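What follows is a set of notes on a single structure, which appears directly below.
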Amino acid sequence: MERTEKALKLPNAQFKRIIGTTKPVFRTMMDVLQTAFDQLHTQGGKPPDLTVGDKLLITLQYYREYRTMEHIGIDYNCSKSAVCRSVKWVENTLSANGRFQLPGKAALQDGEIKEIAIDVTEHPINRPKKGQEEWYSGKKKAHQ
């Protein structure tokens, strides 16, 4: 929790500017995530490489700074896939809790739009394997 504690020691204005949320909201997120993590790992297992606080900081950093997962992985000494799994877990856990859900489509259409969130997450692209074009042209029908 070294990074989390260091971040929480920042003054309120600087914390909000760097992390993107207030300290009480951050602590609420941490409580929700820690509870979910404890329930998920009741029977023990291998200790995680990233703490719950690191996973939350990774997610907030990913959304706040628009950095790639590879760059964040370098900072946290983990792989791009570990960063991706962390971001997805934090998103799913917080949205399943209910306190951090965005309003639905009907709520946005009812009145005046105040804020809009746009999902700009990275999505992997399926590409053919190297050398595949040598033996497979991509055509589905049999040649006559």
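All of the numbers you see were taken from the coordinates with simple rules; none came from a lab. Not measured: the values here are computed from a predicted model. Positions of Cβ are backbone-derived with ideal geometry, glycine not excepted, and every protein chain shown enters the neighbour counts.
Annotations
- Taking 20 Å as the limit for the C-alpha separation, the pairs Lys6/Lys55; Lys55/Lys88; Lys23/Lys46; Lys9/Lys46; Lys88/Lys129 exceed it in the case of Lys23/Lys46; Lys9/Lys46; Lys88/Lys129.
- Stretchable slack from Arg64 to Lys130, in nm (0.36 nm times residue separation minus alpha-carbon distance): 20.3 nm
- Note on His123 and Asn97: the extension gain reaches 6.9 nm, defined as 0.36 nm multiplied by sequence separation minus the Cα-Cα distance.
- Take the Cα of Glu2, go 7 Å toward its beta carbon, and the backbone nitrogen atoms of region 20-61 under 18 Å from that spot belong to 47-58.
- Restricting region 41-83 to chymotrypsin sites (Phe, Trp or Tyr not before Pro) in coil, as DSSP defines it, with at most 11 other Cβ within 10 Å: Tyr66
- Sorting the segments 10-22, 44-56 by their residues' average number of neighbouring beta-carbon atoms within 10 angstrom, most packed first, yields 44-56, 10-22.
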